[in-house]
2 protein chains.
Amino acid sequence: MNKYTIGLDFGTLNGRAILIDVKTGEELATAVYSYNDGAIEEVLPDSEITLPPNWALQNPVDYLGVLKYTIPEVLKKSGVSSENIIGIGVDFTSCTILPIDKQGIPLCMKEEWKHNPHAWVKLWKHHASEPYANQLKDIALKRKEKFILRYGGKISSEWMIPKIWQILEEAPEIYEASDRFIEAGDWIILQLTGKERRSACNAGYKAIWDRKEGYPSPEFFAALHPRLKNVVKEKLSTDIFSTGLKAGGLTSEMAKQNDLKEGTPVAIGIIDAHSAVPAATVTKPGKMVLIMGTSTCHMLLSKEQKLIPGIPGVVEDGILHGYFGYEAGQAAVGDIFDWFVSNYVPTSYKKEAQKLDISVYRLLENKASKLKPGESGLLALDWWNGNRSILNNANLSGLILGLTLRTKPEEIYRTLLEATAFGTRMIIDSFVNDGLPIEELYACGGMPHKDKLLMQIYADITGREIKVASSHQASALGAAMFGSLAAGSKLGGYDSIEEAVAHMASCEDKTYLPIPKNVEIYNRLFAEYKQLHDYFGRGNNQVMDRLKRN
Amino acid sequence: MNKYTIGLDFGTLNGRAILIDVKTGEELATAVYSYNDGAIEEVLPDSEITLPPNWALQNPVDYLGVLKYTIPEVLKKSGVSSENIIGIGVDFTSCTILPIDKQGIPLCMKEEWKHNPHAWVKLWKHHASEPYANQLKDIALKRKEKFILRYGGKISSEWMIPKIWQILEEAPEIYEASDRFIEAGDWIILQLTGKERRSACNAGYKAIWDRKEGYPSPEFFAALHPRLKNVVKEKLSTDIFSTGLKAGGLTSEMAKQNDLKEGTPVAIGIIDAHSAVPAATVTKPGKMVLIMGTSTCHMLLSKEQKLIPGIPGVVEDGILHGYFGYEAGQAAVGDIFDWFVSNYVPTSYKKEAQKLDISVYRLLENKASKLKPGESGLLALDWWNGNRSILNNANLSGLILGLTLRTKPEEIYRTLLEATAFGTRMIIDSFVNDGLPIEELYACGGMPHKDKLLMQIYADITGREIKVASSHQASALGAAMFGSLAAGSKLGGYDSIEEAVAHMASCEDKTYLPIPKNVEIYNRLFAEYKQLHDYFGRGNNQVMDRLKRN
């Protein structure tokens, strides 16, 4: 009898389940649930409360909707019996946190707090904690805290402690009312198993926790704010679990609701991007995984711990056991293309796309494919959502340069693709310059399967071959793979990630190879990108920061 | 019996005639003729010959079409008898030049040359002569030629000598075949009167001619290219006439064709922007006239000759007799707004505009009006068509900075308006810093009557009151005023421009006053603009230039 695992993948706008054959990696069914409230950036749901700039919230009710809808749906679609589901894995966006009460109920789901924006889930791209992140960094540097070196000398506004500090300062009543603050991914594990099993992946990358060093000291937290002194003891937890382990068994209530067996093993949660690494077949150093979607994450394994300026995270066992896992990222990639395609394409192009029965995206890609590198004379800095890696500054903003009266939408579109590739090259070069070689790139996520031009541009700009993971849902597949580890070989799963990769993951035959004459042109353009990157990003001209504060 | 003059105004996309009552300034009729071939920037008419980047040509047949159609049309519309038309004035874009044969026939109208792009009219915005302009400047500086100081130390690619030099280098057969090179405005005077009467305005601003110094020496021209040594004697003319004079009387052929009286006085031609100065009521120093259309020209009168870096032209008697006329300019203004509105506004906005029964322009203006200065966090450099004044570099290009995923079309639109106002302020500040005070601004051209937001932004950014000329066709009105000078008082016209202004020109009651709190914000933003202007424009980072050459 074949055995199966379910991977649950919680993204920015929706959540999904996939059901995978553990022996073959075949995906038998998938189901997607779109969050009713999506990413909440302007008005709090069912209210007229408007949010300040740079806020991004979510509604945990949407996460529960994913469980309720997608698990029964993949069972139904696949016809697989719950008897043969041997494990469940979960991946989640991060750092996405929420305040909960003693019973684990999110404060925003309680009548008394639902009108307070700080009671809601703070989504990863909530950047309004920027001032707290900056102060935290300044204080850590002043106190010569060792931990800051693990994060490339910077702390992102996206991370847990700045977000908690923002709550304390701006809504102390929420801080006091909350029993704990928890990553949404860990909260889902709590829902499924009834157990709080915080993930080392979440804690290591986003909450300044380290396997050897633990959290920063109470003295450090007290230096931020007296009330934060015991934040770890009072609001977090020091019980932190490695990915690949079993978190617990499915509760009877969850089993009933989801048509599953009580006690089905559930894996420790993992961040969505990190989950994709084994799904892209990567279990060794020298191979960088790019998870390309609304934003891009860059993952690299190494036996060595190097502290690389501007690379926000290196966590021991953070991705796979036995390796230091490095994470870098670009805060907006697909989001930039969406911004452009949704708002800045003329009606004539829409009509042309309709006539050809293709999407506006495809039309732009077709037109942009006909341009030679550098032909448009345009160059952009890809900071529409700030810069997460290398500069780690959420106040940086996008720039387009080289505009003329002849500039066409497809030229701008191509320039935006290139800009994000230059951003990735900045990250690769930082790793390589600091002694972590990168030979190959492995791409997964929403874009690599459909955007051929994008992938060729990435190959040309990085000068490296790019392989593409076969799965269109690498994070979810990774979660299902971790589900097979939670089950273990006794139940029909696996005891090592390499075994799981061998059976469950693969790459496509078609790869993208750099085209030498494009590489040459893009090397010149990258030198221009780098000069602008440093001019606007390293303090020569902090105009972007000043404009945001105007 | 009332007396009338006709003003003929040749623009970038069309030509017009207006018929004006000399006593009251009342505009009795106007007629517009759109050039069939418009501005030729991609393919030569009736051919498959494509033009390289930065080319812009015109077809002189279109100019003849303007005469044939518009003059009879305004006579017909107004019911005025040709007996009472006492003078004709002509204004034209510049520097717009063409090669002609001995009979004055444009080479491009001759079968043997019509397939050679260099035989056609080179429109003012033909920028492909840039390399020649740069070499000319370098050689002039090396030879310490005094004339270069009159042009702020730079020579524009738009001007006559670089354009002629380009023809010599790239199509020597055209250079040899042409009897003369002539400004299109002077060519129209030749058509109307049968006499070649080159205008001091054209020659002074665009052909390096000076009333006292004449043209550069044959030695200088030989240093450019041996064949250019006698270009003035062989291909131009040293007979140069001041504006305000009579060029001659209408030929019998032209009189017949246009239903006018033979011998009707025709004024010496003038550049379109310069023609607008008296039409905006300005005949004294301290009042800058802005002619705001696809591009903007800035005109200032002074009793003093100052050599201001980056201000491309100061010509004695070049605008009005008895004054040094200063001309500065921005190479694209309305063109930038058009570029954006035509290509980068989403279908939803078009539908919204249709629903409200307003243009997309008005919709964007309405939305942009609701934004506070600085609110969007955006800043732009207005160099979509290069920078004409202060930096005088056609290879500069447009820049937008501060883009985020929340950036909306109306925010970019407003930022583009602001960028052009910052460009104007750079010019004003240069004049003022070099000792030419500017108290008031007078606006005319296509935009000031309809774009209230634009005018308020200009007042706020320049910190100056702006008056708006009553005429919607200031250049054409100016031409008609010069027509009244060509007629003189004996025929019912005037003997001085002040008299003509007193009768024929006026400003609107509504003026635009700077709003102090906006002025304060814009002063801060202008400091940012200036820093970027200098960084990209003064050699710190010549990325725009390099990208154009890629």
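Each reported figure results from applying straightforward, stated rules to the coordinates on display, with no laboratory input. Everything quoted here is computed from the prediction, not taken from an experiment. Don't worry about glycine lacking a Cβ; one is built from the backbone with ideal geometry, like all the others, and counts go over all protein chains shown.
Based on the Cβ-Cβ distance of B:LYS350 and B:ARG538, what FRET efficiency does E = 1/(1 + (r/R0)^6) give at R0 = 30 Å, to the nearest 0.05? For R0 = 30 Å, the calculated efficiency reads 0.15.
Taking only the alpha-carbon positions of region B:159-245 and ignoring solvent, what does the Debye formula give for the base-10 log of I(q)/I(0) at q = 0.12, 0.13, 0.21 Å⁻¹? Rounded to two decimals, the profile gives -0.35, -0.42, -1.05.
Distances between copies of B:LYS144, taken at a point 7 Å out from Cα along the Cα→Cβ vector and listed shortest first: 6.2 nm. May I ask for the equivalent-ellipsoid semi-axes of region B:1-101, computed as the square root of five times each C-alpha gyration tensor eigenvalue and listed largest first in whole Å? Each semi-axis is √(5λ); the values are 33, 12, 11 Å. Computed over the Cα atoms of region A:406-470, pair by distinct pair, the Kirkwood hydrodynamic radius stands at 12.7 angstrom. Beta bridges per DSSP, both residues in chain A: antiparallel share near 70 percent.
At the listed q of 0.07, 0.08 Å⁻¹, the Debye profile of the protein assembly as shown, built from one uniform point per Cα, gives log10 I(q)/I(0) equal to -0.72, -0.86. The Cα atoms of chain A define a convex hull whose projected area, averaged across directions, is 24.7 nm². Taking every Cα-Cα distance in region B:213-289 and sorting them into 5 Å bins starting at zero, the pair-distance distribution P(r) comes out as 3, 12, 12, 12, 13, 15, 13, 12, 7, 1 percent. By the count of neighbouring beta-carbon atoms within 10 Å, fewest first, B:ARG150, B:ARG362, A:ARG414, B:ARG549 end up ordered B:ARG549, B:ARG362, B:ARG150, A:ARG414.
On average over all directions, what projected area in square nanometres does region B:103-209 have, based on the convex hull of its Cα atoms?
About 7.1 nm², averaged over all directions.
Using the 10 angstrom Cβ neighbour count as an exposure proxy, how do B:CYS108, B:CYS201 rank, fewest first?
Numbers: B:CYS108 25, B:CYS201 33.
Lowest count first: B:CYS108, B:CYS201.
For the segment B:402-415, counting C-beta atoms of other chains within 10 Å of every residue's C-beta and taking the mean gives 5.
Which entries in A:LYS206/A:LYS235; A:LYS350/A:LYS408; B:LYS306/B:LYS467 show an alpha-carbon gap greater than 21 Å? All intermediate terms of the calculation are to be shown ahead of the outcome.
Numbers: A:LYS206/A:LYS235 15 Å; A:LYS350/A:LYS408 14 Å; B:LYS306/B:LYS467 26 Å.
Distance filter (> 21 Å) returns B:LYS306/B:LYS467.
Between the amide H of B:GLY87 and those of B:ILE6, distances stay under 5 Å, these residues lying 5 or more places away or on another chain, with hydrogens modeled in the peptide plane. Can you grab the distance from the C-alpha centre of region A:394-421 to the C-alpha centre of region A:276-302, Å, no decimals? Spelled out, the Cα-based centre of one part sits 26 Å from the other.
Count, for each residue of A:339-347, the Cβ atoms from other chains sitting within 10 Å of its Cβ, then give me the mean as a whole number. Display every interim value, and only then the final one.
On the way: counts 5, 2, 1, 2, 9, 8, 5, 8, 7.
That works out to 5 on average.
The alpha carbons of region B:48-148 give a radius of gyration and a Dmax of 19.1, 60 Å, in that order. Which part of region A:171-205 falls in the paramagnetic zone of A:GLU112, meaning amide N under 18 Å from the point 7 Å along Cα-to-beta-carbon? Within reach of a label on A:GLU112, which here means backbone N under 18 Å from a point 7 Å along Cα→Cβ, region A:171-205 contributes A:171-181.
Compute the whole-percent fraction of alpha carbon pairs in region A:305-437 spaced more than 23 Å apart. I get 45 percent for the Cα pairs in region A:305-437 exceeding 23 Å. Phi-derived couplings, Karplus 6.51 cos²θ - 1.76 cosθ + 1.60 at θ = phi - 60°, listed residue by residue for region A:198-206: 5, 8, 5, 5, 4, 5, x, 7, 10 Hz, with x used for Gly and Pro. For B:LYS3, a cut-off of 20 angstrom between C-alpha atoms picks up these aspartates and glutamates, skipping any fewer than 8 places away in its own chain: B:ASP21, B:GLU26, B:GLU27, B:GLU73, B:GLU83, B:ASP259, B:GLU262, B:ASP495, B:GLU498, B:GLU499. Reducing region B:9-31 and region A:154-191 to their Cα centroids gives an inter-centroid distance of 70 Å. Of interest is the spacing of the C-alpha centroids, which for region A:428-460 and region A:311-344 amounts to 12 Å. The simple Förster model, with R0 at 45 Å and r as the Cβ-Cβ distance, assigns B:GLU499 and B:GLU213 a FRET efficiency of 0.90.
Below 8 Å, C-alpha to C-alpha, sequence gap of six or more: please give me the relative contact order for chain B in percent.
On the way: 1241 pairs, mean separation 89.7, N = 550.
Contact order relative to length: 16 percent.
Karplus-based coupling profile of region A:68-74, in residue order and whole Hz: 4, 8, 7, 5, x, 5, 6, with θ = phi - 60° in 6.51 cos²θ - 1.76 cosθ + 1.60 and x standing for Gly or Pro. Each listed q (0.14, 0.16 Å⁻¹) maps to a log10 I(q)/I(0) for region B:408-550 from the Debye sum over equal C-alpha point scatterers, namely -0.83, -0.97. Amide H to amide H, with H built 1.01 Å from N, B:ARG198 comes under 5 Å of B:PHE241, counting only residues 5 or more places away or on other chains. A simple rule links phi to the HN-Hα coupling: the Karplus curve 6.51 cos²θ - 1.76 cosθ + 1.60 with θ = phi - 60°, which for region A:479-492 gives 4, 4, 5, 5, x, 5, 6, 4, 5, x, 5, 4, 8, x Hz, with x for Gly and Pro.
Between Rg and the Kirkwood Rh of region B:140-180, both from Cα atoms, what is the Rg to Rh ratio? Could you put the intermediate results ahead of the total?
Values: Rg = 12.8 Å, Rh = 11.7 Å.
My calculation puts Rg/Rh at 1.10.
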